[in-house]
1. Taking the range 268-327, which residues are hydroxyl-bearing (Ser, Thr, Tyr), within 16 Å of the ligand (Cβ to nearest atom) and at pLDDT 95 or above?
2. Taking the condition away from the ligand (no atom under 15 Å from the Cβ), crowded, with 21+ Cβ neighbours inside 10 Å, of a type in the set (Gly, Ala, Ser) and farther than 19 Å from Asn46 by Cα, does Ser253 pass?
3. Kindly check whether there is at least one residue in the range 25-42 that is part of a helix (DSSP H, G or I), charged (D, E, K, R) and surrounded by 10 or more Cβ atoms within 10 Å (Cβ to Cβ).
4. I want to confirm something. Restricting to the range 54-83 and keeping residues that are more than 16 Å from the ligand (Cβ to nearest atom) and either of a type in the set (Asp, Glu) or not in a helix (DSSP H, G or I) (or both), which single residue is surrounded by the most Cβ atoms within 10 Å (Cβ to Cβ)?
5. Residues in the range 84-99 that are away from the ligand (no atom under 11 Å from the Cβ) and out of contact with any strand residue (DSSP E or B) (no Cβ under 9 Å at 6 or more places or on another chain): how many?
6. Evaluate the following for Ala330: is it of a type in the set (A, V, I, L, M), modelled with pLDDT of 95 or more, within 16 Å of the ligand (Cβ to nearest atom) and surrounded by fewer than 22 Cβ atoms within 10 Å (Cβ to Cβ)?
7. Which fully enclosed helices (runs of 4 or more DSSP H) of the range 301-379 have 1 or more residues being more than 28 Å from Met246 (Cβ to Cβ) and in contact with a Ser or Thr (Cβ under 8 Å, 6 or more places away or on another chain)?
8. Among the residues of the range 191-246, which ones are among the hydrophobic types (A, V, I, L, M, F, W, C), away from the ligand (no atom under 13 Å from the Cβ) and out of contact with any Gly (no Cβ under 9 Å at 6 or more places or on another chain)?
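The values are calculated or read from the model by the stated rules, or taken from the named source; none is laboratory data. Bear in mind the structure is a predicted one, so any value in this text is a computation, not a measurement. No Cβ is skipped: glycine too gets one built from the backbone with ideal geometry, and neighbour counts run over all protein chains shown.
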Amino acid sequence: MKFETAAIHSEKNFSTETGSVIPPIFATSTFSYGNKENFDYTRSGNPNFRNLESTLSALENAKYTTVFSSGVSAITALCSTLKQGDTILAEENLYGCTIRLFRDVLSHFGIEIEYIDFSNPQNYSRIASLKPAFVLLESPTNPLLKLIDIQEVSRHAKKAGCITVVDNTFSSSFLQKPLDLGADISLVSTTKYSNGHSDALGGAVSTNDSTWHKKMVFAQKSLGLAPSPFDCFLISRGLKTLALRMERHSSNSLRIAEFLESHPKIEWVKHPFLESFPQKDLAKKQMKGGSGIVVAKLSGNISSEKAKEFLQSLQYFCLAESLGGVESLACHPFTMTHGSVSTEQKYSVGLTESVIRLSVGIEHIDDLLQDLSLGLQSL
Ligand SMILES: *Cc1c(COP(=O)(O)O)cnc(C)c1O
């Protein structure tokens, strides 16, 4: 071999010979023709995708999982199966970027979206009268932590011949299993709890339906929604500690919710496992724990600036969008995650300037409580 050739052909693939306990990162865009596993080009498949997909299938109790480059790509993949004139029937309190995708992109392709309040059982009948291409919901919802009875909605959708899609990001695959509750598709932004370390983006669609699985595999390669092998490696690593992390997120967040509830500078607090939570029976029926999100309203007439000033004064809660990492984050939904949603729409669901959202991390609870206590003192 000449130098130029050796520089390219001397590397050995150690993946099978070394007994490496953790699979390597297959940082390759293409594969030699005729390999045993039938890999051809990373946009249509890579060993790191398969590793992550098989773990996520096990965690969601699903036959099939397809991974994407972000949660929004997973939603895009699902919506790419629709055609002009199709309708999506969605829960009215959805993740802001999902609403933006529907409003500013899908509507231009003749796909219609109707929003209803799925926490009110009287609205279930809209599924049969509209016969949407699919029903889409999140539970708990973001940021108001409204719970939707996944089993009941799925049952009504099935009766009407419609499929139910649950965005399971807020609960995580550990705390809630939408497919076991009757949903046809469970979608997660693996950016959040699944990865858990705020250092990668990803999304996944899990199902027991082979037809939907084929559609998702097609979307992964044909729409350019594939993730990077490196991000899949990170998310696979994160998933190994998902159970431990979710237990701590859930216990820390409940303690914080109880503390805030007894604090005079807080008007109300929401957390699915709080005694005062109106839907706590439903929470216990479909969730194994409350997850790490606490939503609260500061007392008095607090402006967006004042609310953000308070959040920025905290030592361990970093003011930032996103959630689900080991580190605690604080967010001002009115101006941040839901900044692109109209003020009327926000007010109509109770999302005002003084509402704050905490993504409680897995730090020691005493430090987090002291941080909030000091911050509230000077509010
Ligand atoms: C973050 C999030 C998404 C989008 O995921 P990305 O990975 O940021 O694209 C979708 N749904 C919910 C509920 C989310 O919190």
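1. The one that is hydroxyl-bearing (Ser, Thr, Tyr), within 16 Å of the ligand (Cβ to nearest atom) and at pLDDT 95 or above: Ser291.
2. When the stated conditions are applied, Ser253 passes them.
3. No: the range 25-42 contains no residue that is part of a helix (DSSP H, G or I), charged (D, E, K, R) and surrounded by 10 or more Cβ atoms within 10 Å (Cβ to Cβ).
4. Among them, the one singled out is Ala62.
5. Total satisfying the criteria: 1.
6. Considered against the rule, which asks whether it is of a type in the set (A, V, I, L, M), modelled with pLDDT of 95 or more, within 16 Å of the ligand (Cβ to nearest atom) and surrounded by fewer than 22 Cβ atoms within 10 Å (Cβ to Cβ), Ala330 comes out as no.
7. Fully inside the range 301-379 and qualifying: 304-312, 343-348.
8. Within the range 191-246, Trp212, Met216, Phe218, Ala219, Leu223, Phe230, Phe233, Ala243, Leu244 meet the criteria.
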